[in-house]
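The values are calculated or read from the model by the stated rules, or taken from the named source; none is laboratory data. Note that the structure is predicted; figures quoted are calculated from it, not measured. Backbone-built Cβ (ideal geometry, glycine too); neighbour counts: all protein chains shown.
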Amino acid sequence: MTAKQRRRIAFAAALIVASAGAAALVLFALKDNVLYFYSPSDVQTKHVAPGIAFRIGGLVETHSVHHGAGADVNFKVTDGKSAIPVTYHGVLPALFREGQGVVALGALNDAGTFSATEVLAKHDERYMPPEVVDALKRSGRWKEGQ
């Protein structure tokens, strides 16, 4: 093996080691942040610290929505096992209602209440945009009750 071949092999090995190290650092940095949201049970079991921004998702608990002064809204997000109280100041999405899926972005405060800065209402898997329904009706492929 010539000196030139040894340098090439050493360079390739160093490149592989550096790439593996970079991949490990990226995966370590992401940790739990690759999740779209935490459920209320996840929040309680992982003991998320106050002030750390994350998303919480679940269903809006029935009879938990209370509108305060102005655009203040208080409600609870549940996954059936646990519930987390949420406060939000702003206009809620049109699909927001009790029993409906919701994802909120924000952070826990010291009292354990989630202070949301953004609320997104989720629809179920049977939802179809009106434009698609119209196109299916025009093409004759729409069946009522889909």
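Annotations for the structure displayed:
- Search result, residues across region 38-48 that are assigned to a loop (DSSP other than H, G, I, E, B) and under 15 Å from Leu105 (Cα atoms): Ser39, Val48
- Number of positions in region 36-47 that are within 16 Å of Val77 (Cα to Cα) and either surrounded by fewer than 18 Cβ atoms within 10 Å (Cβ to Cβ) or in contact with a Gly (Cβ under 6 Å, 6 or more places away or on another chain) (or both): 7
- Scanning region 56-66 for residues that are small (Gly, Ala, Ser) and either assigned to a loop (DSSP other than H, G, I, E, B) or not assigned by TED's automatic domain parsing to the domain that holds Gly112 (or both) gives a single hit, Ser64.
- Residue in region 41-55 that is closer than 20 Å to Ala83 by Cβ, assigned by TED's automatic domain parsing to the domain that holds Ser82, touching a Lys or Arg at 6+ places or on another chain (Cβ under 8 Å) and touching a residue at least 60 places away in the same chain (Cβ under 8 Å) present: no
- Check on Leu30, within 15 Å of the chain's Cα centre (by Cα) and not in a strand (DSSP E or B): yes
- When we screen Lys4, Lys76, Lys81 for residues that are exposed (fewer than 10 other Cβ atoms within 10 Å of the Cβ) and of a type outside the set (Gly, Ala, Ser), the only hit is Lys4.
- Any hit, region 31-40, residues being under 16 Å from Ala121 (Cβ atoms) and in contact (Cβ under 8 Å) with a residue 60 or more places away in the chain: yes
- Single residue of region 80-119 satisfying the filter (among the small types (Gly, Ala, Ser) and outside any loop (DSSP other than H, G, I, E, B)) that is nearest to Tyr36 (Cα to Cα): Ala104
- Neighbours by Cβ (under 7 Å, 6+ apart or cross-chain): first from region 67-79, assigned to a loop (DSSP other than H, G, I, E, B); second loosely packed, with under 12 Cβ neighbours inside 10 Å: Ala71/Val91
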